[in-house]
Amino acid sequence: MIALVTVLLTAIITLFVNLVNTKWSRPVATLGLAVALGVCFYDFSNPYEDASEMLYFSHASTIFSGLTILIGLILIGTSEYSITYAGKNRGDVYALMLFSICGALILFAYSNLLMLFLGVEILSIPLYVLAGSDKDNLASNESSLKYFLQGAFATGILLFGIALVYGASGSFFIGGSKANNIINYQLYSGGGLTMFNMGVFMMMFGLAFKIAAAPFHFWSADVYEGAPDLITSFMATVVKTAGIVAITIFLLSIGFLNKQWEMTFAIMAGLSLVVGNFSALKQMSFKRTLAYSSISHAGYLMLGITINDPIIIPTLLFYLLAYSLSTLVLMIGMSWVAGHTGKHDFTAFNGLAKKHPILAGLMAVAMLSMAGLPPLSGFFGKYFIFAEVFNQGALSKDGGFWWLVLVAAINSVISIYYYFRIIIAMFFSPAISEEEVPAMPRINLFVLGLMCLGLLIAPLFATQLYGLMFY
Amino acid sequence: MEKNLILIPLLPLIGFLINGIFGKKLPKNVVGALGTLVVFGSFILSLLAFLEVRESGQALSHTAFTWMQIAGLKFDIAFLADQLSTQMMLIITGIGSLIHLYSIGYMHKDEGFYKFFAYLNLFIFSMLLLVMGSNYLLLFFGWEGVGLCSYLLIGFWYQNLEYGKAARKAFVMNRIGDLGLMLGLFMLLQHAGSLEYKEVMASLSTLSTEKAACIGLLLFVGATGKSAQIPLYTWLPDAMAGPTPVSALIHAATMVTAGIYLIVRSSALYSMVPEVLEIIGYVGLATALFAGLIAIRQNDIKKVLAYSTVSQLGFMFVALGVGAYSTAMFHLTTHAFFKALMFLGSGSVIHAMGGEQDIRKMGGLAKKLKITHLTFLVGTLAIIGFPLTSGFFSKDEILAKVYEHSPIMWGLLLLASAITAFYMLRMFFLTFHGSFRGTHDQEHHLHESPISMTLPLMVLAVLSLAGGFLNVPEFISEGSEHLHTWLNSVVTYVSGRHHLDHSTEWMLMGVASALALIILVSTYVVYVSKKSTAAEDDQLTGIQKWMNNKFYIDELYQSVVQKPIEAISNLGYNIIDRGIIDGSVNFIGKSVEVAGNALRRIQNGNVEYYLLYMVLGIFFLLVFKFVL
């Protein structure tokens, strides 16, 4: 809770600092997030629940908050060059990113559908602006507009869903012990089961849009590609994490009584896997490939949620951690290269390993983790999810969603094809670009190195991480 | 010492790692010295272990750590130095250090000097594991390790395609044998639940005879591969493609004796099934005769030695076949001395001749290569069984033991040893006596090798001369069967064998010695007095031609085994692999690509379409859920 307040204050302070001196905005925002990260430790030992049951900061939600703040910290901390496009407005960009993080933190802790809606909006509205923050760039403007149009549409569906759920149950509350919980729709003489289900489905679709799950993923490739690199990284990590957690909280809070959504959700997961991977195969642009890959990663995460049991939450956390770290390494690396060659194509990376072996090596590690090769975290993330779903399936009569595990496994094989393209470009293709890519600043390289180290050693601490969640 | 057993194989491993990783940057004499010293260090430690075993009469054993533990099975990295192991360790590290020393001189011009020493060290490491392991798994590990090193060293001059092929052949032939070994080990594991020698031996009492026979035969198949017996011997002559020190170390003194070691180690098993021993004996006998016949008409100095090795290994298997394990180990030891000596000697000759290996182009080398000549003479006398040399005692003991078993076998084996005497002397005289038949350049170039090469020759010559006193038969001197007594506690003999009386033994010894002397004189007359030389290949007729062409065994294997397998493989490649498997894989790949392209088109950039797709998505998902 205090972390949320800290981030909010940081955002406001950054706005004002920017008016005084643009150069200070990054240090201030970074410092504020660092403080917020520290505060998370305090929050962790002091779970917070407000009296009217709007927000509940449990251990799990604090850990997710910590992860998100960490991602923000890394992104803003290393953004010295990727922010230059914003000129004097960079403080505004940072502030909007921080506001968006506030939305994410709310989504980790909501226990009322109103807060869910508010969280989604606080998360999204700054993003519409951020996507278009490179004002002189047509692609950025286009991306902003497309995002806003489709986002508004999805929000409408979400709101429609919330209204239906309210109509059926007379409540906005989820989880907790209140008698007027949405799950008690049977006690309420409203629209009954069909109305409730319809509401749940609409909400599910609206939230699926946020995590770019098929068939609500169409915005993501265009928006990711057009938005500035910094913002794309932010969307691929923070927004993805927030969306996944929001959808998990909602579905699991009703899941123990109402299992209607499971099959549809599984189909969406399967679609995301297939569509994401297959579309990524033939892309020219590395950035666009990452956009599609993030769709397929949403698929893996959704696969985990299908087991409809809170024990999946630590596994999701682990997966999100692995996914976010490797995405950040790749995005920051890409943004550096693209910033100097002006291109996001695979060819821009040709021969990178010759000139900058460390950067290329770190990006390769991140790529291998994304592709899910042992012993990196990406492999264990997938493995844990597959294992959970498979075990759950083995327990149930109909085998659960074992077929979906199969689809996911096949897809993770297919994904290796496009993940390795960048490695091949970096290590085996001769350089063709005339523009010199200068060496990345030591400090940024160091941060990338730390993240890769994290990818390597995180599996060793998986058990402890699980322990923290249920502490 | 017990705790330090692990150091013995570890030292060569360290040598391998240092030479293998940094060798390219180190000066040659450092590489050579390091490679030699680590093996010599192992030799000293082996000697200490040997003395301790001799002192206490107890085997040393040490479990370093547990390698793996799966489903009730536990495999340890455990070392055992009993009487049998220490004997092998001394041979391996002793002769090994001499050959390392020799290689410093022999290989000094080679570019791959560091690589050579790294491989040699790795070989010594694997070989030590093979003999020091206290279970069959480590034995197998070493077994495969030496096979790998053998492959690497035969193909050391890999730029020559033929050498590469020879290396491959050795590897493939060995793998066939290894399959037998593996199956045997699986059966043992299934029966005993462990591969520790102690536990396996303890469980033998409950093993059925049929199963024991089966295991025995399978292990023997492994032995025929590694120890070059019929039908898997053809790789060894080709293995002469490797540098000569390799032939001396791996293909004469140590690795090829692994098969003997395996069977002696499993003596308790074999003594349960004398029928299997019988088979081993006959295979050994056939090999001894057959390889000897081929050796008569070989003109490559190393090929002669190679076939001689095959034949002598046959002698050892005959000894095993009649249940005389310690006799086989005795001959193994003396053979290691004199055959390593002769290989190194031939290396010295080849070195002097500038790479020439054909004895038809040599002759009269005795004058220029005095030390090599003298030491080679010692080796030759030892192998033909000249009285009081090491080979005399060991071969005589084999003949005596065989006579006990079956006089017919004895007769055939005597014939084989006569053949041995003939081809060895033929080679010796053609090489060192008569007049020089090579080119003028070669004659000018002739020189004795450096001290680092002649010193090992001299040491080995002394051993070849005196090695026989390790085990002087009982009828000559009471209580001098040292080796026999030494090994008594580790081998299990077939029970109920009778012994010859002393007069028969004297008689047998007399016959064998007389035969050796007669052949010595007659070959001297033919090749030195009458100055006959070896005939050219195209002048040979009949059986000689067959012998020269190694009885066309390689060609036979090629048409019976290789050709049909290649035909099947081609069939598989063209139809199954390229047609069905490649076809289906490519089909999947293509369809994925097509699907990818199609999906990419849907993403056309128009928000109107995107919204439409989303609505359609919602529609179909809801229909799927609530209508269908």
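Annotations for the structure displayed:
- Residue pairs exceeding 20 angstrom between C-alpha atoms, taken from B:370/B:530; B:169/B:226; B:302/B:339; B:370/B:395: B:370/B:530; B:370/B:395.
- Per-residue Cβ neighbour rank within 10 angstrom, fewest leading, A:382, B:115: B:115, A:382
- For the pair residue B:377 and residue B:448, the difference between a 0.36 nm per residue extended length and the Cα-Cα distance amounts to 24.0 nm.
- Counting Cβ atoms of other protein chains within 10 Å of each Cβ in B:608-617 and taking the mean gives 5.
- Estimated FRET transfer efficiency (residue B:560, residue B:110; beta-carbon r; R0 41 Å; 0.05): 0.60
- Estimated 222 nm signal from helices in chain A, with DSSP H stretches of n ≥ 4 weighted -39500 (n - 2.57), rounded to 500: -24500 deg cm²/dmol
- Along the axis of the charge dipole computed for the protein assembly as shown (Cβ charges of +1 for Lys and Arg, -1 for Asp and Glu, origin at the Cα centre), the listed residues A:57, B:235, B:103 are led at the positive end by B:103.
- Model label sites at residue B:587 and residue B:160, defined 7 Å from Cα along the beta-carbon direction, differ in position by 5.0 nm.
- Cβ-derived FRET efficiency at R0 30 Å, residue B:73 paired with residue B:275, nearest 0.05: 0.45
- Degrees, to the nearest 10: B:7-22 long Cα axis against longest axis of chain B: 60 degrees
- Taking amide H as placed 1.01 Å from N in the peptide plane, residue B:362 has its amide H under 5 Å from the amide H of B:437, each at least 5 places away in sequence or on another chain.
- With a 10 Å cut-off around each Cβ of A:271-278, the average count of Cβ atoms from other chains is 3.
- Under-5 Å amide H pairs with residue B:385, H placed in peptide plane, nonlocal only: B:392
- Radius of gyration over Kirkwood radius for the protein assembly as shown, both on Cα atoms: the Rg/Rh ratio is 1.15.
- Karplus-derived 3J(HN,Hα), 6.51/-1.76/1.60, for each residue of the range B:556-569, Hz, glycine and proline x: 4, 4, 4, 7, 7, 9, 5, 4, x, 5, 4, 4, 4, 4
- Note on B:297, B:168: ascending count of other Cβ atoms within 10 Å places them as B:168, B:297, the fewest first.
- Cα-based Rg / Dmax (Å) for the range B:1-134: 16.0, 53
- Working from label points 7 Å from Cα in the Cα-to-Cβ sense, the residue A:51 to residue A:468 distance is 3.3 nm.
- Inter-chain neighbour count for B:594-607: the average number of beta-carbon atoms from partner chains within 10 Å of each residue's beta-carbon is 6.
- Using alpha-carbon coordinates, inclination of helix B:390-405 to the longest axis of chain B, degrees: 80 degrees
- Relative exposure of B:531, A:287, judged by other C-beta atoms within 10 Å (fewest first): B:531, A:287
- Rounded to the nearest 10 degrees, the inclination of helix A:312-341 to the longest alpha-carbon principal axis of chain A is 30 degrees.
- Here each label is just a point 7 Å from Cα along the line to Cβ, and for residue B:620 and residue A:19 those points are 5.2 nm apart.
- Only helices enter the 222 nm calculation for chain B: every DSSP H run of n ≥ 4 contributes -39,500 (n - 2.57), and dividing by all residues gives -22500 deg cm²/dmol, rounded to 500.
Every read-out reported here was derived from the displayed coordinates using simple, explicitly stated rules and does not represent laboratory data. No experiment lies behind these values; they were computed from the predicted model shown. Reconstructed Cβ throughout: ideal geometry from the backbone, glycine too, with neighbour counts over all protein chains shown.
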